Every structure is written in structure tokens, then in C-alpha cells.
């Protein structure tokens, strides 16, 4: 009897695995991902079936329909309240395909402030929020109920009690540990706060399509974007990853209107309404800035294409920092071609893991990169989480995008691509110091690693479509 029951269960698992494999073949975005899921589901449904329920879904019709069918309508409503000023005239032609792909534009006259660590970032964010007079828009992937989270909570409570309208979005997956009481305290005071999810009905099996964006806009005039979330670890207060190395950006000028538009699109999906929006002021600076908002609901794989286009634009120098170096074939090919053009291509990655599987896969990609002539460095003092790109002497990007499949195809991301020699020189100085605190990866790192570690690297890379 027991044997019959076990046999029936095994057959049912294999049937379910085959059905799930058919779903994966029809719906997974990449052939590599479809093959990896299908193979695992057919051969090892006992191991892969449950993870597929959580990670395998690649379509979310509700959000896609809203994003594509109502986006223009929502932006028309937003545009009645936002005025972003004229487009930058011809100064950014090298990146015209990125702007065209995103339906966005470069804005001239931005004043940019590079924020090179967590302390500088949150001192600036909390100070500017504390000066708010009309409205505050806040969006983070992770908000923790710790010292930094409570500092943010207090400044938001102070502003809403002063009559400022405050709207907060946090990702329901990234902030899964955020206590209900933390949220309730803000709601009771009058803060509008909601978790982001791609489906309005809760789906406990849906872990993909995370909103990885980090946006703060105050009174429509000052905006922040970058790699930092709200948590003590981002201030370097949690070993063994401390000190935490990250970068954020403060923007003042017409491009802030596009940060508001991105926030408004996500807010509209969650609430069905627009947040308070205010026109951005003419910028007092010299930078031309394009807000790059990408996501899995776009018709194109906009994040991957953004990196490909930016890499192809490089003629002298291309420096990239990323915590997760798991590039797809298009990005890796673009990096190789940049080397053949004589570009100084450097990639800065961590020397310590926060996600072991990704770290192992990154090590193998680093080896492949070094063999292709790409210089790869491992940051030594702590964990490097910054997402920065420097092109030649005049262009830099600061944002939330990693060089991995999640950012390319599964996450909602945002960054700011800026063309300005003064700003690029600041980014160059910052990255130069980072490289001085790193050691260069050689082929020996892989070749001298124990066999089992090298095997683990190759196994991890098999799963890079879902890492």
C-alpha cells in the first residue's frame, strides 16, 4: 500500500513537472532560461517544481496590460501637472537610441551632486525631506525597521504633521521583513504608504518582477536616485559586509519631472490614482540628463539594451561597477567589442559574497572577461553595491541596475545617464579611488581554485537566468 502511494506520488510529480516544463518553454523570456527550467522540471521535479512556482513566472498580464494600454493615458494626465522643459539640443546624439527606446529625452541644465556613500546619501535625503513644503515621494526596494528606517519614519511623520503630502512605495518582496506596525504608524499619521506588487491580488508564489527602483522627490524640485536602500547595512553597520560601498545621486532640474513620472506610473498601478505632482524648475547646472526607467513590462528588454548601447558609445574608456556580474550574451559581446576598439574596459566587483550562487557565477564570468582582455577588479575593504558606469570623459550613469538577468529582464529599475565633463570627472575620481582599494583579477584566480569550487562556479552559471 505504501509502495503504491509513493509510486502514485512520484508519477504525479513527474506529470506536474512535464506540465510546468511546457509552461516554461512557452513563457520564459530567454531560450537559456526555458531550457534550464524545462530540463530541471522534467528530470528533477522533486527539486525544481516548488522553486518554479516562486521564480518561474515570466508574464503578469495585469501589469503589462496597464503598462502598455494605460501608460500613455496616465502620462497625459501627469503631463498636465509636469513641465520638464525643452529637450537637450543635439548634445547627446551618441545615446539617441536609448532615449528613443524609452520614449524619454535628455534634459539640459541639471545640477548634479554625487553622493559617494550611505552617510552622505541619507544625510542629504533626510535633510531635503525635512525641508519639504508641499509633497514628498519615496520609493525603495528595501525599507528596514532599524535605526535608519526609524530616522526616515520620523522625518516623514514630521512632514505629514506639518501639512506636507507624503507618498511611500516599498517592494512587497524586498521589504518582506518590514513589520506591520512600522507601516501602520505611518498610515495612522496620514502618510500614504503601499507595497508594490505586479498583481493586485496577492500571489504568494510570485517572487519575480521586483520593483528595485530607489526614488525620492521633494516638492518636484529635488530628486534622488541610485543604489542605496533604507537599512543600517547601507551605512556599513552590519558586518561581515561592512564597510558598505555604494553611490547615490542628487538631481536638481527638469529631469526630476521624469523621476516623478516613473513614481507616478508605479503609484497609479497600486492605487489607481496619481500622486501629488509639481512642475520641475529650470536647472541651475550644466549637465544633460536622461532618466532611464526600465522594466519587464516594456516591449523590449530595455535594461540590457541600455547597457549595450552605452558600451557601444565608448571610444576611450568604459568603467563599470556592479555587485553582480552575470552579463547576458549581448552585454558580454559588447564588452568584448569595446576591448577590440582599444577602449580601457574595467569592471569592479565584490570580493565578498552577499548571495553565494550569484558570487560563484560572477567568478566564472570574471574569468571569461579577463581572458577577453577586460580588466576585472575585486573591491577589498567591504562589499561593493554601487551601480555606476563611466563612458569616456563626459558621460556617467548612476542608478539601481545591476549587470545580471534580474535587472535585465525581471526587475523594475531606474537610473540617470548624464552627459557633463565636470560630473564625469567627479565620477572618475571616485572610481579611481575605488580601484586603488581593489586587486586585479587574473586567470590564476580561477585556474588555482580547488576543483570543487570551479565545478560549483559552472553549476551556478547554469542557473544564471534565474539568479
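The values are calculated or read from the model by the stated rules, or taken from the named source; none is laboratory data. Keep in mind that this is a model prediction, so the values were computed, not measured. Glycine gets a Cβ as well: all are built from the backbone with ideal geometry, and neighbour counts include every protein chain shown.
Worth pointing out:
- A single entry from 284, 279 fulfils the requirement of being under 28 Å from residue 123 (Cα atoms), surrounded by fewer than 21 Cβ atoms within 10 Å (Cβ to Cβ), out of contact with any strand residue (DSSP E or B) (no Cβ under 9 Å at 6 or more places or on another chain) and touching a residue at least 60 places away in the same chain (Cβ under 8 Å): 279.
- If you filter region 287-301 down to residues that are in contact with a helix residue (DSSP H, G or I) (Cβ under 7 Å, 6 or more places away or on another chain) and surrounded by fewer than 23 Cβ atoms within 10 Å (Cβ to Cβ), you find that the one that is nearest to residue 423 (Cα to Cα) is 301.
- Residues considered: 33, 17. Of these, the only one that is closer than 16 Å to residue 464 by Cα and either at pLDDT 70 or above or crowded, with 18+ Cβ neighbours inside 10 Å (or both) is 33.
- Looking across region 230-242 at every residue that is touching a residue at least 60 places away in the same chain (Cβ under 8 Å) and out of contact with any strand residue (DSSP E or B) (no Cβ under 8 Å at 6 or more places or on another chain), the one that is surrounded by the fewest Cβ atoms within 10 Å (Cβ to Cβ) is identified as 240.
- Within region 314-333, being under 20 Å from the mean Cα position of the chain (by Cα) and assigned to a helix (DSSP H, G or I) holds for 329, 330, 331, 332.
- Single condition residue 97 does not satisfy, out of (1) surrounded by fewer than 17 Cβ atoms within 10 Å (Cβ to Cβ); (2) over 22 Å from the mean Cα position of the chain (by Cα): (2)
- Boolean, residue 137 is more than 22 Å from residue 264 (Cα to Cα), touching a residue at least 24 places away in the same chain (Cβ under 8 Å) and assigned by TED's automatic domain parsing to the domain that holds residue 266: no
- Residue within region 98-119 that is in the same structural domain as residue 223 (by TED's automatic domain parsing), part of a helix (DSSP H, G or I) and either touching a helix residue (DSSP H, G or I) at 6+ places or on another chain (Cβ under 7 Å) or free of Cβ contacts under 8 Å to residues at least 60 places away in the same chain (or both) present: yes
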